[in-house]
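Colleague: This structure is in structure tokens; I'll ask about it shortly.
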Amino acid sequence: QRLKAAVHYTVGCLCQEVEEDKDVQFSKQSIAAISEITFRQCEIFAKDLEMFARHAKRTTVNTEDVKLLARRSNSLLKYITQKSEELASSNMEQKEKKKKKSSAAKGGRTPGEQATVTENEDSNMA
């Protein structure tokens, strides 16, 4: 019920923005109808996403499921793909920073350098 109220509030805010930009008016009934349709469509989207993941024998919805859902809207699919790629590159940068911090804490050597030093030390012992 709280989610439905939040959707109604957000739709109301969006309608106010459109009213200011386009110099039109929305009745309370039309805002309520748009809110109801939006909420029902979100329920359908949630069920579809769940089914896509289940079909792939997964329990978690991922970005590929969302892209599949958005496939009929080229602009939305393009936007989702772009944001997904941005998030992936951002995550990779964060992982690289963590690796550098952890390697600095271990004596400033990268994992590859550590393996080389260990092998050289082993050969020196022989």
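The values are calculated or read from the model by the stated rules, or taken from the named source; none is laboratory data. Predicted model, so just to flag it, every value in this text is computed and none were measured. Ideal geometry is used to build each Cβ from the backbone, glycine not excepted, and the neighbour counts take in all protein chains shown. Keep in mind that these areas ignore ligands, DNA and RNA; they rest on the heavy atoms of the full protein, side chains included. Shrake-Rupley method; radii C 1.70, N 1.55, O 1.52, S 1.80 Å.
Colleague: Just the number please: accessible area per residue for segment 3-117, 1.4 Å probe, all protein chains included, in Å².
Modeller: Values: 9360 Å² over 115 residues.
About 81 Å² of surface per residue is accessible.
Colleague: OK, next. Filter the cross-link list K47/K78; K4/K47; K28/K78 down to pairs whose alpha-carbon distance in this structure exceeds 25 Å. Before the final figure, lay out each step's value.
Modeller: Details: K47/K78 22 Å; K4/K47 17 Å; K28/K78 34 Å.
Those over the limit are K28/K78.
Colleague: Would you mind counting up the charge near Q16? Only other residues with Cβ under 13 Å from its Cβ, with Lys and Arg at +1 and Asp and Glu at -1. Numbers along the way, then the final one.
Modeller: Details: positive: K22, K28; negative: E17, E19, E20, D21, D23.
Summing Lys/Arg as +1 and Asp/Glu as -1 gives -3.
Colleague: Report the FRET efficiency, 1/(1 + (r/R0)^6), for E17 and N62, where r is their Cβ-Cβ distance and R0 is 35 Å, rounded to 0.05. Write out the running numbers ahead of the final one.
Modeller: On the way: r = 32 Å, r/R0 = 0.91.
For E17 and N62, the calculated efficiency is 0.65.
Colleague: To the nearest 20 Debye, how big is the dipole of segment 1-45 about its Cα centre, given +1 on the beta carbon of each Lys and Arg and -1 on that of each Asp and Glu?
Modeller: Working: 5 positive and 7 negative charges, 67 e Å.
Its charge dipole is roughly 320 debye.
Colleague: Using only protein heavy atoms and a 1.4 Å probe, report how much of V18 is accessible, in Å² to the nearest 10.
Modeller: Rounded to the nearest 10, that gives 60 Å².
Colleague: Where a Cα-Cα gap under 20 Å defines reach, which lysines qualify for K98, not counting those fewer than 8 residues away within the same chain?
Modeller: Reachable lysines: K106.
Colleague: Oh, and also: Keeping every protein chain in place, order T38, T59, T10 by accessible area at 1.4 Å, biggest value first, i.e. largest first. Intermediate values should be presented prior to the final figure.
Modeller: Values: T38 50, T59 145, T10 75 Å².
Highest to lowest solvent-accessible surface, that is T59, T10, T38.
Colleague: Just the number, please: carbon plus sulfur as a percent of the accessible area of segment 1-45, 1.4 Å probe, no ligands or DNA/RNA counted. Mind dumping the intermediate values first?
Modeller: Numbers: 2170 of 3760 Å².
Carbon plus sulfur share of accessible area: 58 percent.
Colleague: Next question. If I ignore ligands, DNA and RNA and count only protein heavy atoms, how much of R58 is accessible to a 1.4 Å probe, in Å² to the nearest 10?
Modeller: 80
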